[in-house]
Amino acid sequence: MSTHTLTLPHRVVQTDHLGFFRYTDIGHGKVVLTNDAGEWSILPEATFRAFLAGQMGTDHPDYAPMAAKGFFRDALDLDDMAAKIRRKRFYAAQGPHLHVMITTLRCNQSCRYCHASREDMTKSDVDMSPEVVRHAVDMAFCSTSPYICFEYTGGEPTANMEAIQLAVAYANHKKKTSPKTVDHSVVTNMSFMNEEVAEWLMDHEVLVCTSLDGPKDLHDWNRGWQKREYNFPRGVPMAGSSAYDQVLRWMAYFNRRYIERGKDPDLWHIDALMTTTRRSLPRAREIVDLYVELGLRSLKIRPLNPYGFATKTWRQIGYTMEEYLAFYEEVLDYIIELNLQGVEIQEGTAAIFLQKMMTPFDPNYVDIRSPIGSGTGQVAYNFDGRIFPSDEGRMLAGMGSDFVQIGTLGETSYAEMIGHPTVRSLVMSSYLDALPACHSCFGAPYCGVRPINNFMESGDLFAQRPNTPKCAEHMGIMRLLFDRLAQDVEGKVEAIFRRWTIQRPRDDA
Amino acid sequence: MSEAATLERQTTELVFELQQGRVFFALDEDLYPRDAIFGAAYLFVDRCWVFLTRPADGQVGVRLRAKDPSADEATLTALAGEFANELLNQVVRIRVAESTAQIREFYMAKAFFADQAQSSIDALLAELDAEELAEDDLAIEVPWEDPDA
C-alpha cells in the first residue's frame, strides 16, 4: 500500500450571487454552464472560477449576457425564467402527438439489425384489421395534443396498404369535426411501391420516409431481401435485384413528382434514415457524399438499438459506443466542412439538440426529452390492437416481453391508457431533474433517457446512468456541439448550426 | 495580482491510498457532504467497482477497483485525480443547488401552474372530441338557423 496526496485548485463558491446552473469542463480550458431554461454560456476556466467566487463584476464583458440568461441571482427575472421554462416544456401539458400504427408485421426484407421482429409475407394473421384501424384513429383523436401525426410502420407497412388508406380516410373524416392539425407519414422500404401507391400517397399528402444506409454494397448488405420467393407475392422481381436500386428509383420518382405537382422541394421530398452497422464505421465520408449527391438535406445518423434481430447479430454488426461516437464525430465534422463550402446538409440528431440549445423552443422529439415521450408523447398500436407506450414497447413485446402493454384498442379508454401505471413509471424513470447523475448534468435541459432501452440492457427501467449507452451517446454529441461552438472564433459554425435549427412548416408550401 | 490569479493560488489537498489495483479515499463528511461523495462515486460505476465503507464516525470510505484488470499504478493515480476533481465539482453543485432550491421551486411552480390550467381546458376539449358526434340525438350540432332542423 502507498499513500499519495493530490493538490487541487480550490473552488471558492459565493452562492449568494449565483442563480441555479449546471456545468462541465469541455476541454481546451473551457467550461460550459447551462440552466433550467436551457440557456448556456461557455467560459474560460479562470472566468468560471471568478464567477463561482462572486468576483465577476458588472463591467466584465460576460456579465450582461450571462445576467440576461439568468445565471446571476441579483439580476434574475423569475417571471421571465418561468416563461422560458414553460415554453421549453410545453409538451408536458399536451398529450401524445405521435401515433405509431403497425399496419403489419409482414416484410420481404431481412435487415441484419431488424428491430421489429418481422414475419414472412405468407403470414395472414399479422395484418391490422379495419376494426383495429378505426379504434386506433379514434384513440388518437382523443389525445389532448392539438397536433397529431400518424406514423405507419411495420414490418413493411405498405404490404397492408388497405389499412393505411382506411386510416387516412377515417382520420380525414374525423378531422372535419376536430380542431386538430393532422399529419400522416409512412416509413417504407419501397419494395411494394408502384405508381398507383405513390400517387395516392402524394394525393393524400402522406409524408414518405425510407431507409438509406449508405452506398450500394453497404445498404444491400445491411438490408438484404428475404431469400424465399413466396415473400414477393405481387411478382416484384426481387431475386438478384438490389434494395438500394429500389430505394433510389422511388426517391427519384417522388422527388420529381413533388416538383411537377408544384410543391416546394425544400419541404416536400423523401426523407431517409441511416442505421449504423460495423461496416458503416470506416465509410463516414462516403455516406455523407451519397446523401449530398442525392440532394438530401438531412442525414440522421442512428446507432443500433438492442431489439429484435440486432440482439442476435450483434457480434457481426455491433460496435462499442466509443467507436460509434468516433464515427459520429467524423460525419459531423465532414458535414460542417461541406456547409462551410456552401453545401446544404445537416446531421439530424445534432439538429435536434441544437434546436434545444439555440432556440427558445423544443422540437418535442419523443425520444430525447424529459420526461420521455413514451406514453405521454407517443403511443404505438400493434397490428392486433395491443397498445404500447412507444414503438420500442411493441418491439419488446415482439421479443416476448409484453409487460409494458398499456391497453387494448376497443377495451381501454384514453384516460385508462394515459394514466396507466406503466406510463407513470416511464415518466418517473425518465424525469431528468429527479434522476441520479442526470439532475446535475450540464445536458439535463436538452437530454432524454429511454427507460425501455434501459430495461432491455440492464433489466431496470432506471438503470445506472454511466452504464447506459444512450447516456454516453447523448453526452458525447452534446459535448461535441459545445466544443465546436467553443472553438468557433469567427462565428461561422454557429451560423451553420443556427441554420440547422430552422424548421418551416409544410403548410408554407 | 489579479483576482483570477489569486484564486488560482488557492489549493485543496486530498490524500488517497493505492493498494492492489484499488484506490482508497477516507473522506471527512464535514468537508465533503455525503451526497457529494455518493454523487462522485456514482459517476465511476462504468469503469470501477465502487465500495463505500464507514472507516470512522463522520467519514466515508470510497474504494474504487478498476474493472480493467490491467490497470497499472499510473492509471489508478489518474483515476484518483479524476475522482478528486469530480468530488470538488459535486460539492459545488450541491452548494449551488441548496442555495437556489427555493428560487427553483418558485419559478418551476410558476412555469407549470399555467400549463396545468391549460391542460385542464385541453382535457375538456378532448373529452368533447371523443364523444361520438354522429350520434347527436339532441341535434346539438345542427345550427338553429338551419331551416331543416
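So is A:Ser143 among the small types (Gly, Ala, Ser) and either in contact with an Asp or Glu (Cβ under 8 Å, 6 or more places away or on another chain) or surrounded by 18 or more Cβ atoms within 10 Å (Cβ to Cβ) (or both) or not? First the steps, then the outcome.
Details: among the small types (Gly, Ala, Ser): yes; either in contact with an Asp or Glu (Cβ under 8 Å, 6 or more places away or on another chain) or surrounded by 18 or more Cβ atoms within 10 Å (Cβ to Cβ) (or both): yes.
Considered against the rule, which asks whether it is among the small types (Gly, Ala, Ser) and either in contact with an Asp or Glu (Cβ under 8 Å, 6 or more places away or on another chain) or surrounded by 18 or more Cβ atoms within 10 Å (Cβ to Cβ) (or both), A:Ser143 comes out as yes.
Of the residues A:Val31, A:Val13, which is at the interface with chain B (Cβ under 9 Å from one of its Cβ atoms) and either over 24 Å from the mean Cα position of the chain (by Cα) or among the acidic types (Asp, Glu) (or both)?
A:Val13
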Criterion violated by A:Lys176 - all others in (1) in contact with a helix residue (DSSP H, G or I) (Cβ under 8 Å, 6 or more places away or on another chain); (2) surrounded by fewer than 20 Cβ atoms within 10 Å (Cβ to Cβ) satisfied: (1)
Any chance A:Ala380 is surrounded by 19 or more Cβ atoms within 10 Å (Cβ to Cβ), of a type in the set (Gly, Ala, Ser) and in contact with a Lys or Arg (Cβ under 7 Å, 6 or more places away or on another chain): yes
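Among the residues of region B:44-59, what is the count of those that are within 24 Å of A:Pro436 (Cα to Cα) and out of contact with any Phe, Trp or Tyr (no Cβ under 8 Å at 6 or more places or on another chain)?
Step one: list which residues in region B:44-59 are within 24 Å of A:Pro436 (Cα to Cα), which gives B:44-54, B:58-59.
From what's left, out of contact with any Phe, Trp or Tyr (no Cβ under 8 Å at 6 or more places or on another chain): B:45-49, B:51, B:53-54, B:58-59.
Adding up the residues that qualify gives 10.
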Sole exception among (1) within 22 Å of B:Val50 (Cβ to Cβ); (2) surrounded by 22 or more Cβ atoms within 10 Å (Cβ to Cβ) for A:Ile452, by number: (1)
Counted residues, region B:69-85 - those being at the interface with chain A (Cβ under 10 Å from one of its Cβ atoms) and more than 13 Å from B:Leu18 (Cα to Cα): 3
Test result for A:Pro96, in a loop (DSSP other than H, G, I, E, B) and either within 11 Å of chain B (Cβ to nearest Cβ) or under 31 Å from the mean Cα position of the chain (by Cα) (or both): yes
Positions within region A:188-208 being among the small types (Gly, Ala, Ser) and farther than 14 Å from A:His269 by Cα, in sequence order: A:Ser191
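Filter region A:440-470 down to the residues that are over 30 Å from A:Lys492 (Cβ atoms) and touching a Gly at 6+ places or on another chain (Cβ under 9 Å), then identify the one that is nearest to the other protein chains (Cβ to nearest Cβ).
Applying the first criterion (over 30 Å from A:Lys492 (Cβ atoms)) to region A:440-470 yields A:440, A:449-470.
When the remaining residues are screened for being touching a Gly at 6+ places or on another chain (Cβ under 9 Å), the result is A:440, A:452, A:470.
Values: A:Ser440: 5, A:Ile452: 21, A:Lys470: 13 Å.
Taking the candidates together, the pick is A:Ser440.
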All positions within region A:353-387 that are of a type outside the set (Ser, Thr, Tyr), farther than 17 Å from A:Lys88 by Cβ and not in a loop (DSSP other than H, G, I, E, B): A:Gln378, A:Val379, A:Ala380, A:Arg386, A:Ile387
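Just to be sure, is B:Ala41 surrounded by 17 or more Cβ atoms within 10 Å (Cβ to Cβ), more than 9 Å from chain A (Cβ to nearest Cβ) and within 30 Å of A:Leu43 (Cα to Cα)? First the steps, then the outcome.
Details: surrounded by 17 or more Cβ atoms within 10 Å (Cβ to Cβ): yes; more than 9 Å from chain A (Cβ to nearest Cβ): yes; within 30 Å of A:Leu43 (Cα to Cα): yes.
Considered against the rule, which asks whether it is surrounded by 17 or more Cβ atoms within 10 Å (Cβ to Cβ), more than 9 Å from chain A (Cβ to nearest Cβ) and within 30 Å of A:Leu43 (Cα to Cα), B:Ala41 comes out as yes.
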First in region A:403-424 and under 17 Å from A:Pro451 (Cα atoms), second anywhere and among the acidic types (Asp, Glu) and surrounded by 13 or more Cβ atoms within 10 Å (Cβ to Cβ), Cβ under 8 Å, 6 or more apart: none
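Condition check ((1) part of a loop (DSSP other than H, G, I, E, B); (2) over 17 Å from the mean Cα position of the chain (by Cα)) across all residues:
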| residue | (1), (2) |
| --- | --- |
| B:Phe44 | yes, no |
| B:Asp57 | yes, yes |
| B:Ala71 | yes, yes |
| B:Leu87 | no, no |
| B:Glu98 | no, no |
Any hit, region B:127-141, residues being more than 12 Å from every other protein chain (Cβ to nearest Cβ) and either surrounded by 12 or more Cβ atoms within 10 Å (Cβ to Cβ) or at pLDDT 95 or above (or both): no
Scope region A:420-443; condition over 19 Å from the mean Cα position of the chain (by Cα), over 23 Å from B:Ala40 (Cβ atoms) and polar (S, T, N, Q); matching residues: A:Thr422, A:Ser425
Conditions (1) buried (at least 24 other Cβ atoms within 10 Å of the Cβ); (2) within 11 Å of chain B (Cβ to nearest Cβ); (3) not acidic (Asp, Glu); number of the one not met by A:Arg87: (1)
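Of the residues that make up region A:419-433, is at least one of a type outside the set (Lys, Arg) and within 28 Å of A:Leu166 (Cα to Cα)?
As a first pass, look at region A:419-433 and keep what is of a type outside the set (Lys, Arg): A:419-423, A:425-433.
Of the ones still in play, those that are also within 28 Å of A:Leu166 (Cα to Cα) are none.
No, there is no match, as no residue in region A:419-433 is of a type outside the set (Lys, Arg) and within 28 Å of A:Leu166 (Cα to Cα).
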Test: residue in region A:34-52 that is modelled with pLDDT under 95, at the interface with another protein chain (Cβ under 10 Å from one of its Cβ atoms) and assigned to a loop (DSSP other than H, G, I, E, B): no
Boolean, A:Pro157 is in the same structural domain as A:Glu119 (by TED's automatic domain parsing), surrounded by fewer than 22 Cβ atoms within 10 Å (Cβ to Cβ) and without any contact (Cβ under 8 Å) to a residue 60 or more places away in the chain: no
Some residue of region A:481-489 being closer than 30 Å to B:Val96 by Cβ, free of Cβ contacts under 8 Å to residues at least 12 places away in the same chain and not hydroxyl-bearing (Ser, Thr, Tyr): yes
Subset of region A:311-327 that is within 10 Å of A:Arg112 (Cα to Cα) and in contact with a Lys or Arg (Cβ under 8 Å, 6 or more places away or on another chain) - its residue that is surrounded by the fewest Cβ atoms within 10 Å (Cβ to Cβ): A:Gln316
Filter result for the condition that a residue is away from chain B (no Cβ under 14 Å) and under 24 Å from the mean Cα position of the chain (by Cα), over A:Met101, A:Met66: A:Met101
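Among the listed residues A:Ser429, A:Ser401, A:Ser440, A:Ser458, which satisfies the condition of being touching a Lys or Arg at 6+ places or on another chain (Cβ under 6 Å) and among the hydroxyl-bearing types (Ser, Thr, Tyr)? It would help to see each step written out before you state the result.
Values: A:Ser429 fails: touching a Lys or Arg at 6+ places or on another chain (Cβ under 6 Å); A:Ser401 fails: touching a Lys or Arg at 6+ places or on another chain (Cβ under 6 Å); A:Ser458 fails: touching a Lys or Arg at 6+ places or on another chain (Cβ under 6 Å).
Exactly one residue qualifies, and that residue is A:Ser440.
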The listed residue being more than 9 Å from chain B (Cβ to nearest Cβ), among the charged types (D, E, K, R) and without any contact (Cβ under 8 Å) to a residue 40 or more places away in the chain, out of A:Asp59, A:Asp25, A:Asp79: A:Asp59
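The values are calculated or read from the model by the stated rules, or taken from the named source; none is laboratory data. Computed from a prediction, not measured in an experiment: that's the story for all the values here. Cβ coordinates were reconstructed from backbone atoms using ideal geometry, including for glycine residues, and neighbour counts include every protein chain displayed.
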